[in-house]
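Engineer: Structure in structure tokens, see below.
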Amino acid sequence: MREIDQALYDAIFLLIEKSDYPVYPYLPDLDTQYPFFVMGSTQHYPDALKNGLSGRLNLDIHFWSEADNRRMVSDSLGKLKMLLDSLGRVEEYRVFFDMTSTSSIVVDNSTDETLLHGVLNAEFKYLRGEK
């Protein structure tokens, strides 16, 4: 049995992989075509229950695009939220996506080309065991 953070990471990776954009576990080479998603850091806050396990997980998911289409970045983050809300179950865990998860879009000048960098801080609650 995998830990919930890895199980959820893998499930989200597969969901994004089946969507319109490529997804990477880390920033790809500079010659990679935009747009794409990058899985970021995770934070796990477990709570023990008498007959199970519950807690919260935060996953940062990044979206990179050329700077000429901010609407596409915003729409892509919105579609991602809808995908995450559809999860419901990951292995033996029930997962609940928080639709109030925060996101941001910033201009990135770290390459020769101006980019937009969207970040969704996806927040989940999970439960295993007790009903």
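The values are calculated or read from the model by the stated rules, or taken from the named source; none is laboratory data. This is a predicted model, so every value here is computed, not measured. Here the Cβ is made from the backbone with ideal geometry for all residues, glycine too, and neighbour counts use every protein chain on show.
Engineer: I need every pair where a residue in segment 72-93 that is acidic (Asp, Glu) has its Cβ under 8 Å from the Cβ of a residue that is not in a helix (DSSP H, G or I), sequence separation at least 6 or different chains.
Structural biologist: Listed pairs, sorted by first residue: Asp85/Phe97; Asp85/Met99; Glu91/Met1; Glu91/Arg2; Glu92/Met1; Glu92/Arg128.
Engineer: Of the conditions (1) in contact (Cβ under 8 Å) with a residue 12 or more places away in the chain; (2) hydrophobic (A, V, I, L, M, F, W, C); (3) closer than 30 Å to Gly129 by Cα, Ala48 fails just one. Which one is it?
Structural biologist: Condition not satisfied by Ala48: (1).
Engineer: Any idea which of Ile12, Ile4 is surrounded by 17 or more Cβ atoms within 10 Å (Cβ to Cβ), aliphatic (A, V, I, L, M), closer than 19 Å to Asp85 by Cα and modelled with pLDDT of 95 or more?
Structural biologist: From the options Ile12, Ile4, the qualifying one is Ile12.
Engineer: Identify all residues within segment 18-51 that are closer than 24 Å to Lys125 by Cβ and hydroxyl-bearing (Ser, Thr, Tyr); write none if there are none.
Structural biologist: The answer is Ser19, Ser41, Thr42, Tyr45.
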